[in-house]
Structure formats: structure tokens, C-alpha cells
């Protein structure tokens, strides 16, 4: 089968002595500027000569010149191809120059120094300490392949038309059941908008909540960089709010803030869980100021000590919380599926924003994920990975205790102690402080458990840190 060849070649009139030279020049220019990519197959000389209205001998001569110069490669029985490696003297011209300066025609979407960094770097050959990436080697791809094949057969029986911008109904039903069981998030399928991961969720929320140049958005002092960039790209005035061992310092939120972005279950990157009093204070702030809270429930599936705390969306009674979830951490990042549990007053605007962004997500992935959740594979996979990650965490902490004594300290405080204010012996300073931990004694119960060399939680918290 002849390859498609839509390259525009303009040749001089018939009888011109420059016909061969011009044909050679234009083909070579197309190779050098990338219009003919390395490895691209060229049409047969007879077919191209007929298309351009020249003799086949002229076409053969042009090909021979390019072959002799190293721009083309002939493969017997297969055809003529653009060479994978261009001649050394011409190689520099094959790549269009780029500049570090931002073109004045573009709006400034990028914050210097804030990018996706570790997640896009090549995997280390030995020890992989990149943050935010799951171990995909343990994922049941055989099950996923079977569910994907089933989804493809299902779509083939349908019209394969455009789908609902809000997301496939089966997936929204499965997500609603999953988050209500695992996080006590009260919602129905109608409350959920499926997105292409948490990052698109942040962009869509910025689109419907931010008035450019006016809306003040509060983010945690240590934050997920791309969340802040999404808000800045929408024209928000972003301010940072300090965090400590109880999470976001609510009393430091500017009173003019109308959007507050938090990771209460597992603050990124410190791992702090927001305390119940801070959660109540944040919801009270939103209610009093008519503000909204974007709750990024980052990594909530993997908690290794202490009891899980209710999501802000569960505690909210004023319809002020947008709950954002993703399957990139529990399954695999390439899936690019997440969701937003939106208050009723914002749902239509959020669906419309998704429709304007890309109409809807890939149907096959949504159908496969819906079956993966409904059949219990997600719950089983999370249980398996929780054990695997827990064992690795224990090994890392033990190694740090043995080999890093005096050179490292744990942050946040060990969640295994549930004394009312945290066992003082495990309390740590804020990560930006160089002050040493406050010297104090653990409670009596924790001392007993420590002497037994167990990792059980302090169950009562009936004694203060001083006694």
C-alpha cells in the first residue's frame, strides 16, 4: 500500500533546466525542517512522478541524490525511507531553535520553580524515592485487561457516540458506593463529576470559582505545586497559610479568602493529618465568610496507624466543600481518572466546565474502572498495597533509627499515640523550624508499650504528657 503523501511541492514549468535541482531542494528542505520525519516511507518513484507530472527518470535522479547525501535510505523489497540519522553537517539544522524566553503572545501560566519534577523523571535504576508514585508492579493488570476487553465489547454493541460530560453513570455509581463506605462521604452518583485525575479537577474548580484578579485563594505553606499553578493560571490571588503538627493554621487564613485548598487526610508533603478542632474551625470559617473549601483527599487510602478521621465533606453542613479524589495513587497514574463530589449549587457549572474542556473522558477506561470497583478488585488491591507499603515504611523507619540516630527526626508525630494533644515524646517541630523537639516525657501507658517494643497505639490518652 502506497503511503499518504500530502507534501506540497511546487516545480518550475515543463522544460526548465532547474526541475531536478528544485525537486531535490524541496525534498531535502522537507526532511530538514521535520515535515518528513525520520523513518517516514516515501512513495515509489513511479507513483510520485505521476503525481507531480515529471518523468520517472527525473524522480529517480532526485532520489539518488538524496540517497548519496545520506538523507534517504533504500530497503530492498520495502521501499525508500527518510534516514533515521541525518548527515552530521546538516543535523543541527533539523531541529528548530527554541528559546527560554516566554513569547509575549502567551499568558504566564507557569510559576518558576514549580513543576511536576519527580513524577516525570525517569525511574532510578536502583532505589526509587520519588514521591506520589505507586508501585505498579503489584497491580493486577491481568484483571484490568479482562475488564477492558469486556468494556470494549460493550461499547462495540452501542453507538460509540459522545458520552456524558459528567462521567459514565456506572462509574459514578461505583465511586459513590466506594467513598461512602471507605470515607463516610455521603453522596449519590448525581453529586459526582468524573475528571481526568485530580489535576483537571483543580483546573475545573478554578474555572468556576475564581474571578481573575479578585478571588483570594488560600493554600497550605507546603503545597502541591500544580494546585497552586492551576489557581494562578485562572487569575487568582494565591496566599500561603502556615501548617503545623495539627494541619492548616485556620486562624492565619486571610479573612478575604474565598477559596481554601487543603489536604486534611495526609498533608502533602509532611504527612500531617488535620486535627478535629482544626477541621471544625475551617468549616466554621467557610460558613462565616461564605467561602468554599477544596478538600484534596490525597493518599487517604493508606493510613498505617491511628483511626481515620472524617472527611471535611462528611462534617460539612453548609454545602461549602468540594471533595476531590483520584485513582492515580491507589491504582496507577496513567489511568488519569479522578472525581469531584460537588455541592448541588455548583454541579451544573462544574459539568459545563468539563464539557468545555474536553467534552468527556475516555469511555473505555471509565467502564473498566466501574467494573473494577463494583467487583471488589479495588478494595482487595488497596488492602494488599496497604500491607506492602506498611512493611516498607516499617523497614525504612527501622533503618533510619539504626543508621540515622542524631541526624534525622520523624515528622509528623507518630500517629500511634492518641493522647489528647499527642504524646510529647513524639512531638516534632514544624518542618521549617530548626528548633529541637520540645523535651517532655511520654504518658505512662506509652512508656509501658514502648518498653514492650510494640507499635500499638496509646488507647486511652487518660494521662497528660507530664505524668
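Read-outs throughout are calculated quantities, based only on the coordinates presented, and are distinct from any laboratory measurement. None of the values given here were measured: they were computed from a predicted structure. We place every Cβ from the backbone using ideal geometry, glycine too, and count neighbours over all the protein chains shown.
Between residue 334 and residue 355, the simple label model (points 7 Å from Cα in the Cβ direction) yields a spacing of 3.3 nm. Between residue 156 and residue 128, the distance separating the two model label sites (each 7 Å from Cα on the Cα→Cβ line) works out to 3.3 nm. Computed across region 271-318, the Kirkwood hydrodynamic radius from all distinct Cα-Cα pairs reaches 11.8 Å.
Please arrange 128, 310 by how many other C-beta atoms lie within 10 Å of their C-beta, fewest to most.
By the 10 Å Cβ count, ascending, the order reads 128, 310.
Would you mind pulling out the separation of the Cα centroids of region 334-381 and region 275-289, in Å? Cα centres, region 334-381 to region 275-289: 28 Å. In this rough spin-label picture, where each label sits 7 Å from Cα along the Cβ direction, the residue 304-residue 317 distance is 3.7 nm. With a Förster radius of 22 Å, plug the Cβ-Cβ distance of residue 379 and residue 169 into 1/(1 + (r/R0)^6) and report the FRET value to the nearest 0.05. After rounding to 0.05, the efficiency reads 0.55.
The distance linking region 194-237 with region 135-165 is 31 Å (Cα centroid to Cα centroid, whole angstrom).
Shape analysis of region 16-56 places it in the oblate category; the axes a ≥ b ≥ c from the Cα gyration tensor give an a/c of at least 1.5, with a/b not above b/c. Stretched out straight at 0.36 nm per residue, the stretch from residue 386 to residue 57 would grow longer than its current Cα-Cα span by 111.5 nm. Sort region 282-410 into rounded, prolate or oblate with this rule: let a ≥ b ≥ c be the square roots of the eigenvalues of the Cα gyration tensor; rounded if a/c is under 1.5, and if a/c is not under 1.5, prolate when a/b is larger than b/c, oblate otherwise. Because a/c hits 1.5 or more and a/b fails to exceed b/c, region 282-410 counts as oblate. Taking packing as the residue-averaged number of other Cβ atoms within 10 angstrom, the listed peptides 188-200, 69-81, 35-47 run from highest to lowest as 188-200, 35-47, 69-81.
An oblate overall shape is assigned to region 336-377, the ratio a/c of its alpha-carbon gyration tensor axes (a ≥ b ≥ c) being 1.5 or greater and a/b not exceeding b/c. If both residues of a DSSP beta bridge must be in region 139-379, then about 35% of such bridges are antiparallel.
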